[in-house]
Amino acid sequence: MHLREQAEALVDAWMHSPAHRDNMLSCRFVNLGCPAQLALLLRNVPVVFAVQVFYVPE
């Protein structure tokens, strides 16, 4: 799977998670960071770990 396909699959998974979807579509948040890290599991199986960080400036 290419990087673009992985990113699309990740966003699709987040959109199918009610809590992630609510945050992603909320007008409350104005800044978003999405760091990701590729890791190799046992037997060199690649997996991507990613998080969403939402920020509301004061």
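Quick check: with the 1.4 Å probe, what order do 5, 58 take by accessible area, largest first? Present the calculation step by step, with values, prior to reporting the outcome.
On the way: 5 90, 58 220 Å².
Putting 5, 58 in descending order of accessible area: 58, 5.
How many nm separate the modelled label positions at residue 48 and residue 3, each set 7 Å beyond the Cα in the direction of the Cβ?
According to this spin-label approximation, the distance is 1.0 nm.
Accessible area per residue, 1.4 Å probe, Å², for the chain: what's the number? Spell out each step's value before the answer.
Details: 5080 Å² over 58 residues.
Spelled out: the 1.4 Å probe surface of the chain, per residue, equals 88 Å².
To the nearest µm²/s, what D does Stokes-Einstein give for the chain at 20 °C and 1.002 mPa s, using the Kirkwood radius over alpha carbon pairs as Rh?
Working: Rh = 12.9 Å.
This corresponds to a translational diffusion coefficient of 166 µm²/s.
Can you tell me the 0 to 90 degree angle between the C-alpha axis of helix 3-15 and the longest principal axis of the chain, rounded to 10?
The angle comes out at about 50 degrees.
The values are calculated or read from the model by the stated rules, or taken from the named source; none is laboratory data. This structure is a prediction, so every number in the text was calculated from the model and none was measured. Positions of Cβ are backbone-derived with ideal geometry, glycine not excepted, and every protein chain shown enters the neighbour counts. For the accessible areas, the whole protein counts, side chains as well, though only heavy atoms, and no ligand, DNA or RNA atoms are used. Shrake-Rupley method; radii C 1.70, N 1.55, O 1.52, S 1.80 Å.
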